[in-house]
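Only one structure is covered here, and it is reproduced in the block below.
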Amino acid sequence: MKHELPRLPYAEDALEPVISRQTVAFHWGKHAQTYIDKLNELLGEKASEERTLEEIVKESDGALFNNASQTWNHIFYFFSFSPERKKEPEGALRKAIEQRWNTFEQFQQEFVGSGVAQFGSGWVWLVKDNEGKLDIIKTGNAGNPLTEGLTPLLTFDVWEHAYYLDYQNRRADYLHELWKIVDWSVVEKRYL
């Protein structure tokens, strides 16, 4: 099947001032689109096979993996945000976060710290293992927790293109600001 970049559930300027219209247009409309175009090109005749993007990420390597995973990562990232969002987790996810990090604020600090510490390009993730335990991990380049049998719940993109237009080289500022647009109702659904 041919893969397509889904339409965002909000307008290009809806995440301002945290993420500018210009960044959304570039990062989603051009950058993520290039990954999916290259993915379809690499799949070629195999594009007619009924494999989900997640299956391709788990089963491939090399250029196919890089483009499939970057497509998946970008969709996951952009669909974690909303201008009309639930501001903090509740229920089972909140309890799990507090059991692991004592407070929601300590979790946020460690998550941002991990993102700042990621050398070069990559991602910082909140993940759940098969036993329901939460953790924060970092992946370089196109890395994806799906390949490690983990369930991704939230990710922040720490590739420079994700923040340079709005924050220049201030990765920490960008990561701190993203909390203002995370939609915790989306993350809670992923947890359950």
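Every residue in the range 171-192 that is basic (K, R) and surrounded by fewer than 15 Cβ atoms within 10 Å (Cβ to Cβ), please.
Those that are basic (K, R) and surrounded by fewer than 15 Cβ atoms within 10 Å (Cβ to Cβ): K180, K189.
Would you say Q70 is farther than 30 Å from E4 by Cα and modelled with pLDDT of 95 or more?
So Q70 fails the test.
Is it the case, given these coordinates, that L42 is of a type outside the set (S, T, Y), in contact (Cβ under 8 Å) with a residue 12 or more places away in the chain and under 24 Å from K189 (Cβ atoms)? Reasoning before the result, please.
Details: of a type outside the set (S, T, Y): yes; in contact (Cβ under 8 Å) with a residue 12 or more places away in the chain: yes; under 24 Å from K189 (Cβ atoms): no.
The answer is no for L42.
Quick one: S114 ticks every box in (1) surrounded by 17 or more Cβ atoms within 10 Å (Cβ to Cβ); (2) out of contact with any Lys or Arg (no Cβ under 6 Å at 6 or more places or on another chain); (3) modelled with pLDDT of 95 or more except a single one, so which number is it?
(2)
Return the residues of the range 154-186 that are aliphatic (A, V, I, L, M), farther than 14 Å from Q108 by Cα and out of contact with any His (no Cβ under 8 Å at 6 or more places or on another chain); say none if nothing qualifies.
Passing the criteria: V158, L165, V186.
Does K138 meet the test of being touching a helix residue (DSSP H, G or I) at 6+ places or on another chain (Cβ under 7 Å), at pLDDT 95 or above, surrounded by fewer than 18 Cβ atoms within 10 Å (Cβ to Cβ) and farther than 22 Å from P17 by Cα?
yes
Pick from V127, V116, V112: which is touching a residue at least 12 places away in the same chain (Cβ under 8 Å) and assigned to a strand (DSSP E or B)?
Of the residues listed, the single one that is touching a residue at least 12 places away in the same chain (Cβ under 8 Å) and assigned to a strand (DSSP E or B) is V127.
Could you run through the range 65-89 and say how many residues are open to solvent by 40 Å² or more (accessible area, probe 1.4 Å) and either assigned to a helix (DSSP H, G or I) or at positive phi (or both)?
The total comes to 1.
Specify the residue that is modelled with the lowest pLDDT; the eligible residues are those in the range 143-192 that are part of a loop (DSSP other than H, G, I, E, B) and among the basic types (K, R).
R170
The values are calculated or read from the model by the stated rules, or taken from the named source; none is laboratory data. Remember, predicted model here, so these are calculated numbers, not experimental data. All Cβ positions, glycine included, derive from the backbone under ideal geometry; neighbour counts span all protein chains shown. Just the protein is used for accessible areas: all its heavy atoms, side chains included, with ligands, DNA and RNA removed. Shrake-Rupley method; radii C 1.70, N 1.55, O 1.52, S 1.80 Å.
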